[in-house]
Amino acid sequence: MTIASNGRPAGGHEACRIRIAAAGDIHFGERGGDHERAAATFAALRDRVDLVLLAGDLTTHGLPEQAAIVADACRDLGVPVLTVLGNHDWHSNRVDEVIAALEDGGITVLERSHRILEVCDTEVGIVGAKGFVGGFTGSHIPDFGEPLLRRVYAEGMEEVAAVDAGLRAVAMCPFRIVLLHYAPTTGTLEGERREIWSFLGTDRLAVPILEHGPDMVLHGHAHAGTFEGRVGEVPVYNVSVPVLGEDFWLFELTGERRVPSEVH
């Protein structure tokens, strides 16, 4: 398995090439002309990719009319578009309406869930969860103290459990991707103030990633972070648009086309 980025094709003679456009923190909804910008941004992907993955914060304040801007831009794109939600998408506490608006445009919203897609005559398993805060080694939020803090811990652990369950469900897919909003490693937070790292993710999300070894992990949220990091041997990419400096990053997953075994 090889990964090529920014639209540069990988070398070799692999039987399967899966072209993926990824971005997070696109934040449509508050600027004049956002409808036109969104339409042009997604239209530029036409005939260039097989799959679009969005790492949350599609909106500015989590309003369904803001989500509809993205939905309208993706409606006739002709390839699967999958997303997770981010903290901005939750801000107005109208998440059900936001999801409905996105789904109206054909976008699949992954909320602690997974999808298996057929691309290039093979299966691609996408595991999606928002992730959550929780901190990293030496600064973890514990399951102790005030009930409010314990609820934060519990929410984070439910996200971790969902990633684990999703990776188990797609274990037989030849290609496996984890899509998050929050970061599972500090490697992609470098550049952000360390004082806020605990609010940008948690390495508890890394536990199922280490165990199951997907092909790559995508996340957003850390606007001043670093593009590339790792969880063990798994590459992790911060595809927040402010980090990318462009509308999308283009990846290629390449490898042998394989049919999952029926023997478990």
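Among all positions in segment 228-240, there is at least one residue which is within 30 Å of A40 (Cα to Cα), assigned to a loop (DSSP other than H, G, I, E, B) and either in contact (Cβ under 8 Å) with a residue 24 or more places away in the chain or not small (G, A, S) (or both).
Are any residues in segment 164-220 part of a strand (DSSP E or B) and on the phi > 0 side of the Ramachandran plot, and if so, which ones? Result: G201, single match. Can you find a residue in segment 151-165 that is of a type in the set (D, E), under 30 Å from R257 (Cβ atoms), open to solvent by less than 70 Å² (accessible area, probe 1.4 Å) and at pLDDT 95 or above? Yes, segment 151-165 has at least one match.
Identify all residues within segment 116-132 that are more than 13 Å from L82 (Cβ to Cβ) and in contact (Cβ under 8 Å) with a residue 60 or more places away in the chain; write none if there are none. Those that are more than 13 Å from L82 (Cβ to Cβ) and in contact (Cβ under 8 Å) with a residue 60 or more places away in the chain: C120, D121, T122, E123, K130, G131, F132.
Exactly one residue out of L51, L63, L45 is at pLDDT 95 or above and under 19 Å from H219 (Cα atoms): that is L51. Of the strands (runs of 3 or more DSSP E) lying entirely inside segment 50-146, those containing at least 1 residues that are open to solvent by 10 Å² or more (accessible area, probe 1.4 Å), of a type outside the set (G, A, S) and at negative phi span 113-119, 122-128. Within the set of pairs 6 or more residues apart or between chains, which connect a residue that is touching a residue at least 24 places away in the same chain (Cβ under 8 Å) inside segment 13-36 to a residue that is outside any helix (DSSP H, G or I) and open to solvent by 30 Å² or more (accessible area, probe 1.4 Å) with Cβ atoms less than 6 Å apart? Partner pairs satisfying both residue conditions: A15/E256; A15/R257; C16/C120; C16/R257; I18/D50; I18/C120; R19/D50; A22/W249. The condition of being in contact with a helix residue (DSSP H, G or I) (Cβ under 8 Å, 6 or more places away or on another chain), closer than 30 Å to A40 by Cα and either in a helix (DSSP H, G or I) or not basic (K, R) (or both) holds for A224. When segment 166-182 is limited to residues that are in contact with a strand residue (DSSP E or B) (Cβ under 6 Å, 6 or more places away or on another chain) and open to solvent by 20 Å² or more (accessible area, probe 1.4 Å), the one that is nearest to I3 (Cα to Cα) turns out to be R176. The condition of being in contact (Cβ under 8 Å) with a residue 24 or more places away in the chain and in contact with a strand residue (DSSP E or B) (Cβ under 6 Å, 6 or more places away or on another chain) holds for only one of G62, G78, G135, that being G135. Restricting R46, R17, R31 to those that are part of a strand (DSSP E or B), open to solvent by 10 Å² or more (accessible area, probe 1.4 Å) and among the charged types (D, E, K, R) reduces the list to R17. Contact map, segment 194-218: residues that are of a type in the set (D, E, K, R) paired with residues that are part of a helix (DSSP H, G or I), Cβ distance under 6 Å, separation 6+ or inter-chain. Pairs shown: R204/V160.
The values are calculated or read from the model by the stated rules, or taken from the named source; none is laboratory data. Just so it is clear, the model here is predicted, and its values are computed rather than measured. Neighbour counts are summed over all protein chains in view; Cβ atoms, including those assigned to glycine, are modelled from backbone coordinates with ideal geometry. Accessible surface is based on the protein model in full, side chains and every heavy atom, while ligands, DNA and RNA are left aside. Shrake-Rupley method; radii C 1.70, N 1.55, O 1.52, S 1.80 Å.
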